[in-house]
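Single-structure report; data block below.
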Amino acid sequence: MSATAPIAVCLKWTPARLDGGPLGPDAADDRFAGISPADRAALELALRLADRLGTTVTAITAGPAGAERALRDALAAGAERAVRLDMATDADSRDVAFELAQSLADAAIVLCGDYSLDRGSGSVPAFVAHHRRIAQALGLVDIDVDTATAATVHATRRLDGGRRELLAIPLPCVLSVEGSLATLRRAPLPRALASRSAHIDVVATPPAHHHGAPAIVTAYRPRARVMPAPAGEVVLDRLRRLTDAGTAPSRGETVVLEPPAAAARIVDALREWGYLP
Amino acid sequence: MPETPDVDVIVVGAGPAGACASIELARAGLQVVLLERGPFPGSKNMYGGVVYPRILDELIPNWWDEAPVQRWVTRRSTMVLTPTQALTVDFRSTAWGAPPYNGATAYRPDFDHWLASHAEAAGAQVLCSTTVVGLLRDANGRVVGVRTDRPDGDLRARLVIACDGVNSFVAKEAGLHPPVDAANYTLGVKETLALPKEVIDERFGVRGREGVDIEILGGTGGVNGGGFVYTNLDTIAIGAVLKLPKLAAQKRRPEEIIAGLKAHPAIAPLVEGAELKEYSAHVIPEAGLAMMPKLTGDGLLVAGDAAAMCLAAGIWLEGVNFAMASGMYAGRAAIDAIRAGDVSTAGLAGYERRLSETFVLRDHRKLKRAPHLVLSDRVQHVYPELITSVAERMFRVDNPEPKPGLRRIVTSERKRLGIRRRDLARDGLDGFRSFG
Ligand SMILES: Cc1cc2nc3c(=O)[nH]c(=O)nc-3n(C[C@H](O)[C@H](O)[C@H](O)COP(=O)(O)OP(=O)(O)OC[C@H]3O[C@@H](n4cnc5c(N)ncnc54)[C@H](O)[C@@H]3O)c2cc1C
């Protein structure tokens, strides 16, 4: 992979929240759709890295025609090329990743936000790396590249307890970044104007086929916990009980188990806490 | 050597004025850039809620088939309120519920977005999230473009049209506005309240897409102004337009005044149980002709609220139609001037001529006394009580007393309220001159 291979940035077009109602945005209404702060950070980092490596940025999104606004904004900010994979916004992550991987076969670095605004699980970058059989590092809080060799990305990832993990990732690779990492630059006026009529490559995609694994239907959010009414004479006491305020914090428990036993322990805990039926 | 323009015309602000100016210009084949500070046209815009789009017949034939309308106004009422009484004049027309319609309720983020999409379809470049922060001028002071808040943000044009709303930074920077006088402005505040459509239909006596427009005199808690209630499909817009100096002098919060209006016995049953969805506020150029800036400068035209075109005259609060029309006429004048190669003030004279020949300035001229009259202390604080108490005595049955004649009631109520006959006659004459 040469250093002048483009850097790709994947932008997820997310419709407005689905709660609708009077004055509430409609899910199909592109005026209220957009990309996540993490995707914006990914775009900014892609532009900075491309600048340092003397290469260009390709912005890509898998979504309907309305998603081209995100691509035009990326072109305005400095991306050289824009590609839209013609897919529904709720396409399965594995299908999206498969199509992205096909289109980004020549990218030296694929940058993504760590997760999108909707049901984001952050899985698309991992699937892209899998399909391309290249390295991946997800949820990064810092990125640097060795410009002399352009062969390795140095990155930092958050660990529990305020610690950091320092990674050296060989190119080509897929990286996903947190939204706090960078603020997207303001697009200059001439580019912003030119982007309105710029060319966008639109790639037709085959119907859904769930690449790689059987379909899994996942719950959107953990269920709300059903709690008994708190005891207490006065409101303040009941509130304290409800919120655990003023009591000793319950400590996390560290257990060392073999993976199957660990998984079973986690499921038990989730059940106990009311997150699983 | 003067720099060559990047485009023919820059239109600042994608409200109704800017969109209509851009539609005209783009259709004439000119290169137009429409700059809007919000993330999409209409995203930052609010108003009471009723638009009278007749003027669109000239721009978008059969606009009613596609405009994002909530309800068609088939009932218009004017209400006079005192704290415990209400007198309503209520007009209903089924004809207004069918093409070519009259007025409609619509949400501005929908309406403005739709109108700007016509400008885009005609070929205008609409660029959002871009704020104009200054004007570019040549050595002779002629406007030759704008500076935006983007990097490398200067854009040059043969002509700039300022449609940037009531606080028009552009027209002010160009020196076209006289010094700002707060007395010329009102503050418009509005709550959007959600109720199921069937409940709204039932409370307001309408069906299907029929809607209601109620203008209110009184009920603004002693602050000079007026109120309004409009029906959308499943929300109600209720609000007040308040004279700024009075509001400041009385140290009243605008939301308190809406709360008072909602609690009035004539209004409370209409809004009971509704859920507050949105609160918004905006300044209105209220004084009409008395506050209009110069409409033309070298290389510059001003339209819509930026030129104080909003008509605020009691039973009429019409800004959107005046903005659309003035924008459209600005566009037409700009086309002529650019084709003739003269965008100086003289070359742009066709703009004011068009405004003078049409409802835009004719209505303003005819109604030039109306804003002052409607917001005057007597109309605001004394006449509502005169009107409602006369009605009360007309409708009251005082047996064994015989029914009094209207003249006697008016005279005795006038005296009771301490209204001098001379003032009543003068205000009546002013009213007749304006509305007659
Ligand atoms: C409470 C209230 C109730 C009203 N009720 C009604 C009613 O029921 N019916 C009616 O017809 N009228 C009503 N009006 C009046 C009406 O809203 C205005 O007259 C009308 O919106 C004027 O249109 P415009 O295009 O001139 O300006 P605006 O609608 O104000 O649009 C100006 C546009 O310019 C943009 N802009 C401003 N500055 C810049 C800048 N520097 N750079 C880039 N973009 C900029 C703004 O974001 C905005 O999109 C009401 C007004 C208020 C406040």
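Worth pointing out:
- Selection from region A:110-152 of residues that are touching a residue at least 12 places away in the same chain (Cβ under 8 Å), of a type in the set (A, V, I, L, M) and over 18 Å from residue A:10 (Cα atoms): A:145, A:150, A:151
- Qualifying residue in region B:2-12 (condition: near the ligand (Cβ under 9 Å from one of its atoms), touching a residue at least 60 places away in the same chain (Cβ under 8 Å) and over 18 Å from residue B:231 (Cβ atoms)): yes
- Total residues in region B:73-97, condition open to solvent by 20 Å² or more (accessible area, probe 1.4 Å) and of a type in the set (A, V, I, L, M, F, W, C): 6
- Odd one out for residue B:19 among (1) away from every other protein chain (no Cβ under 14 Å); (2) crowded, with 19+ Cβ neighbours inside 10 Å; (3) in a loop (DSSP other than H, G, I, E, B): (3)
- Scanning region B:154-168 for residues that are within 19 Å of residue B:31 (Cα to Cα) and near the ligand (Cβ under 7 Å from one of its atoms) yields one hit, B:163.
- Residue match in region B:177-197 (condition: out of contact with any helix residue (DSSP H, G or I) (no Cβ under 6 Å at 6 or more places or on another chain), closer than 20 Å to residue B:234 by Cα and of a type in the set (Gly, Ala, Ser)): yes
- Residues in region B:105-151 that are part of a strand (DSSP E or B), free of Cβ contacts under 8 Å to residues at least 24 places away in the same chain and open to solvent by less than 40 Å² (accessible area, probe 1.4 Å): 1 in all.
- Candidates A:168, A:192, A:198, filtered to the one that is touching a Ser or Thr at 6+ places or on another chain (Cβ under 8 Å), among the aliphatic types (A, V, I, L, M) and closer than 21 Å to residue B:154 by Cα: A:192
- When region B:274-299 is limited to residues that are more than 11 Å from the ligand (Cβ to nearest atom) and within 14 Å of another protein chain (Cβ to nearest Cβ), the one that is nearest to residue B:245 (Cα to Cα) turns out to be B:279.
- Filter result for residue B:265 (modelled with pLDDT of 95 or more and surrounded by fewer than 19 Cβ atoms within 10 Å (Cβ to Cβ)): yes
- Residue B:294 vs. criteria charged (D, E, K, R) and at pLDDT 95 or above: yes
- Unmet requirement for residue B:189, which otherwise passes all of (1) near the ligand (Cβ under 8 Å from one of its atoms); (2) assigned to a loop (DSSP other than H, G, I, E, B); (3) more than 18 Å from residue B:301 (Cβ to Cβ): (2)
- Residue among B:206, B:302, B:223, B:212 that alone is within 13 Å of the ligand (Cβ to nearest atom), farther than 25 Å from residue B:356 by Cα, open to solvent by less than 10 Å² (accessible area, probe 1.4 Å) and more than 14 Å from chain A (Cβ to nearest Cβ): B:212
- Residue count for region B:394-424 under the criterion of being part of a helix (DSSP H, G or I) and open to solvent by 60 Å² or more (accessible area, probe 1.4 Å): the result is 9.
- Region B:265-314, residues that are small (Gly, Ala, Ser), outside any loop (DSSP other than H, G, I, E, B) and touching a residue at least 40 places away in the same chain (Cβ under 8 Å): B:280, B:281, B:288, B:290, B:297, B:304, B:306, B:307, B:312, B:313
- Among the residues of region B:34-55, just one is within 19 Å of residue B:334 (Cβ to Cβ) and either more than 13 Å from chain A (Cβ to nearest Cβ) or more than 11 Å from the ligand (Cβ to nearest atom) (or both), namely B:55.
- Residues that are of a type in the set (Val, Ile, Thr) and crowded, with 19+ Cβ neighbours inside 10 Å, drawn from region B:179-203: B:186, B:189, B:192, B:200
- Selection count where residues are more than 8 Å from the ligand (Cβ to nearest atom) and of a type in the set (D, E, K, R), scope region B:305-336: 2
The values are calculated or read from the model by the stated rules, or taken from the named source; none is laboratory data. All values derive from a computational prediction rather than experimental measurement. Quick reminder, even Gly has a Cβ in these numbers, built from the backbone with ideal geometry, and neighbours come from all protein chains shown. Note: areas computed on protein heavy atoms with side chains; ligands, DNA, RNA excluded. Shrake-Rupley method; radii C 1.70, N 1.55, O 1.52, S 1.80 Å.
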